[in-house]
Structure formats: structure tokens, C-alpha cells
Amino acid sequence: MEPARRAMIVREIEYWRRGKLLPEQYCDFLLNLYADETVKVERSDTPSASAAAVVNSSVWLWLGGSMLLGGLAFLVIYFNSFPVLMQIGLSAIFVLLFYTGAAMMRKRAIVSVMLSAAGSLLLLFAGVYLLRLHGEDSATALAGYLLFVAIIWLGAGGLLRQAVLQFCGWASIMVFYGWTLSRTLEELSWFSSQLAWVPISGLLLLMGWLFVKRFQSAGTVLLLLGLLVWFAPEMQLLADAGKRDGVALLSLVAKCLLTGMLLYAGRKIWIKWVTA
């Protein structure tokens with residue numbers, strides 16, 4: 001390129017930078033592309049937009065941020081010294097703040113999912129921590145709290161329209177159901193396990209099939225959940241230390257082969273849902 005034309009382009013890029021017509025990173029990239037030793041580049045000493053925002057920020061903003069960090073540190077350090085109702089209230093407030101932030105950032109899907117995930121994990125682990133802290137960590141108490149968390153996840157997932165949160169809620173309910181089966185039945189045989197899980201799997205798959213055309217997110221969640229529950233009998237039997245026999249393992253292998261064949265046969269149908 002001729003030096004005169006190159007110099008004209010460089011001047012135009014510098015004009016764009018001074019007028020804030022393009023982000024400074026783009027201007028630097030274009031200058032590095034077109035400028036050479038024959039063209040003098042006037043580097044601006046003015047700070048970038050992000051640096052200017054920091055330099056010109058209010059002292060009250062810095063003070064408020066420092067107080068917020070200090071308050072969080074105080075809460076973390078002295079959390080165990082608070083009364084139980086205050087501990088529950090503080091945990092609930094932070095969970096609510098995360099979910100509120102997720103709702104406000106719904107247009108930015110990644111940020112919204114990250115906030116809701118943080119709130120969901122805080123809800124789960126804070127509750128388990130409080131139960132253990134106050135000596136209420138029996139299997140019944142933990143299972144009951146898991147059911148409570150699952151209901152919250154389902155409600156939050158429906159309001160925020162996040163399929164992952166809904167799936168986690170339904171999956172947690174299925175875990176609670178499996179725990180109830182183990183506590184209720186004295187001995188869980190292969191046949192009784194199939195009888196307890198397979199009808200639920202069929203119902204979920206049927207509901208997902210009916211819903212996926214009109215409510216794709218909810219239908220997909222139900223289909224995936226039904227597929228997971230289809231393997232639940234074998235997973236429950238294999239997880240039981242006293243049921244590590246070959247029947248459950250052979251049944252699991254047979255179901256995997258059957259599922260693979262069915263997915264292959266219906267690939268033209270379900271691939272439309274995945275790519276939609």
C-alpha cells in the first residue's frame with residue numbers, strides 16, 4: 001500500500017479513537033495493522049474507557065464496596081455465633097439475592113445461569129451445614145431438606161425458565177423417592193425395583209413426548225429425566241452393597257443396548273429437538 005494512503009487511513013483511525021467511534025482495542029488493532037515505520041502514530045495519553053471509569057469513580061462507591069466486603073467477612077467469621085434464626089435468615093437473604101440477580105440478568109443467559117447456580121448451591125450446602133451444625137444431620141432430616149430444596153429449584157427454574165435448574169429439581173425428587181424405597185421395603189429385589197421405577201420412567205417419557213412440541217424446554221427436561229429413571233433400578237441395586245450380583249449388571253447392559261438401538265431408530269425425530 002502507498003505510504004500516503006496508509007497515512008490517511010492511520011489518521012482516520014486516530015480520529016475514530018479520539019471521537020470514541022470505535023472501542024480503543026479495535027483502534028489499536030487497526031493501527032498495528034496499517035501503521036509502519038514510515039507513518040507516525042500519535043498515541044493518546046487519555047486512559048481507556050474502563051480505566052477512566054475507575055479513575056473518575058466516586059469515593060462513596062469505593063467506600064460502599066469496602067464496607068460490603070468487610071460485612072461479608074464479618075458474617076463468614078462470626079456466622080456460627082449468630083442465633084439459628086439469624087443464620088437461616090442471612091442464608092435465605094443471600095439465596096434470594098442470587099435468584100433476584102439471575103432474574104434481572106435474564107437477557108444475559110450465561111450470567112443469569114451462573115447467578116442461579118450460585119444461589120442453588122448456596123441453598124443446598126448452607127442448609128446441610130446448618131443441619132450438621134445444630135446436630136440435625138440424620139438421614140431423615142437430610143432427605144427431607146433435599147426434598148425442600150428440590151421444590152425450590154423447580155419453582156426457581158420455572159420462573160427463570162432455566163431447564164437445568166428444573167432438571168436438578170426433578171432429579172433430586174427422584175433421589176428422595178429412591179431413598180424412600182430403600183427405607184420402606186425390607187428387601188429390594190430386581191423385580192420389585194423394576195416395578196417401582198419403570199412405570200414412572202414411562203410416564204415421564206410420555207409427558208415429555210406430549211409437551212416437547214409446545215413447551216420444548218419442559219418437554220426436554222421430562223424426556224431426559226425419564227431416560228435417567230429408566231436406568232434407576234439397576235443404579236439403585238448396584239449402589240446397595242448387598243446387591244452387587246450379576247443380574248443388575250446384565251440388566252443395565254441390556255438396557256443400554258436397547259436404548260442405543262431405540263435412539264438410533266428415532267434419530268430423525270429427536271435430532272430436530274436438539275437442533276431446534
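The values are calculated or read from the model by the stated rules, or taken from the named source; none is laboratory data. Values in this document were obtained by computation on a predicted structure and should not be read as measured data. Don't worry about glycine lacking a Cβ; one is built from the backbone with ideal geometry, like all the others, and counts go over all protein chains shown.
Annotations for the structure displayed:
Every residue, every condition in (1) among the aromatic types (F, W, Y); (2) surrounded by 16 or more Cβ atoms within 10 Å (Cβ to Cβ); (3) closer than 30 Å to A218 by Cβ, yes or no:
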residue	(1), (2), (3)
P83	no, no, no
I93	no, no, yes
K107	no, no, yes
S116	no, yes, yes
S120	no, yes, yes
L124	no, yes, yes
D137	no, no, no
L160	no, yes, yes
C168	no, yes, yes
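Rundown of residues vs (1) assigned by TED's automatic domain parsing to the domain that holds V247; (2) over 26 Å from the mean Cα position of the chain (by Cα), yes/no style:
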| residue | (1), (2) |
| --- | --- |
| L142 | no, no |
| L154 | no, no |
| A163 | no, no |
| F167 | no, no |
| S192 | yes, yes |
| L205 | yes, no |
| G208 | yes, no |
| F211 | yes, no |
| Q216 | yes, no |
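- The set of residues from the stretch 203-220 being of a type in the set (S, T, N, Q) and surrounded by fewer than 18 Cβ atoms within 10 Å (Cβ to Cβ) comprises Q216, S217.
- Here G246 passes the criteria (1) without any contact (Cβ under 8 Å) to a residue 24 or more places away in the chain; (2) in the same structural domain as M105 (by TED's automatic domain parsing); (3) small (G, A, S) except the one numbered (2).
- Filter result for F125 (within 20 Å of V149 (Cβ to Cβ) and at pLDDT below 85): no
- Candidates G226, G158 - the one that is at pLDDT below 90, of a type in the set (G, A, S), part of a helix (DSSP H, G or I) and touching a helix residue (DSSP H, G or I) at 6+ places or on another chain (Cβ under 8 Å): G158
- Leading residue by the ranking (farthest from L165 (Cα to Cα)) among those in the stretch 87-115 that are out of contact with any helix residue (DSSP H, G or I) (no Cβ under 9 Å at 6 or more places or on another chain) and not charged (D, E, K, R): G89
- Of all residues in the stretch 118-170 being in contact (Cβ under 8 Å) with a residue 24 or more places away in the chain and among the β-branched types (V, I, T), the one that is nearest to R108 (Cα to Cα): V164
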